[in-house]
Amino acid sequence: MPIQVIMPQLGESVLEGTITRWLKAAGEAVEENEPLVEVNTDKVDTEIPSPASGALLEILVPAGTTVQAGAPLAWIGQVGEPLGAASPAASTLETARPQAPVSSAAAPARATGRDRDLGFISPVVAKMASEHGIDLFQVTGSGQGGRITKKDLQSYLENRPLAQAAEPVAGSPAPAPAPAAPPPTRVAPPRTAGPPAGLPGEGEILPLTPVRRSIAEHMVLSKHTSPHVTTIMEADLSQVVAHRLANKEAFARDGVNLTFTAYF
């Protein structure tokens, strides 16, 4: 009887992975616990072993596709063995990123209120919700079984200021429309025979790896949680500079390089 290869959950907060490459081709023999497929997450690259011995009958998820934990990846069995009606449809798989964001106006109605079952909440999600004062009953989970993930909270934080600004306060008059600004004056650039100098030609757009995508999401999150500022201070270091020049050679004879770090 054919056996399904299932995408495992490679960590408590890791709910999806990207198929990097298949180590076996369709129809090729494979032994139990032999590396079968390589999966990349935002944390590490992992080789998924075969759950049984036999032949790789069918690959359901091609390389480069991102799927959730629990999704079927392939079938393993004996050559010529029928898969039957148990073969899952392609619609059960989550296709590769990126996906177009769905506006709040076009989003389908979702269950809200205290009667909703939040299910399992990971410590990372609970801590993040506590730090930002997020009511988890107002967050829609995109994980397996509607589970709320860290990415759901990040998306909620990014969209929350826009949603709150768009909601009018009860009893307050509607704001007056702003006067239309005059159209800006545009100056046509000079015509050139070819592309502007110094600019690259046609390039190639490559998808982000899970690691790079995770780095980008954390950089955006840091902007929301900790606004970046620059503090500039001025000090008169004329006496420090004079003292260093007067004693630099004496320190050098003892094998010490007198730098400004010692004064600071």
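Each value in this text was obtained by applying a stated rule to the coordinates, not by laboratory testing. Please read all numbers here as calculations on a predicted model, not as lab measurements.
Quick notes
- Straight-line cross-link partners of Lys223 among the lysines, defined as a Cα under 23 Å from its Cα and at least 8 positions apart when in the same chain: Lys43, Lys127, Lys150, Lys151.
- Separation of region 4-65 and region 227-246, taken as the distance between their Cα centroids, equals 57 angstrom.
- Stokes-Einstein, applied to the Kirkwood radius of region 1-76 over Cα pairs at a viscosity of 1.306 mPa s and 10 °C, places its translational diffusion at 130 µm² s⁻¹.
- Backbone phi angles across region 2-16, fed through the Karplus curve with coefficients 6.51, -1.76 and 1.60 (θ = phi - 60°), yield HN-Hα couplings of x, 10, 7, 9, 9, 5, x, 8, 8, x, 5, 9, 9, 10, 8 Hz in residue order; Gly and Pro are listed as x.
- Residues whose amide H falls under 5 Å from that of Ala74, counting only those 5 or more places apart or on a different chain, are Val5, Leu60, with hydrogens built in the peptide plane.
- Hits among aspartates and glutamates - C-alpha to C-alpha of Lys24 under 20 Å, sequence gap 8 or more where chains match: Glu32, Glu34, Glu38, Asp45, Glu47, Glu58, Glu81
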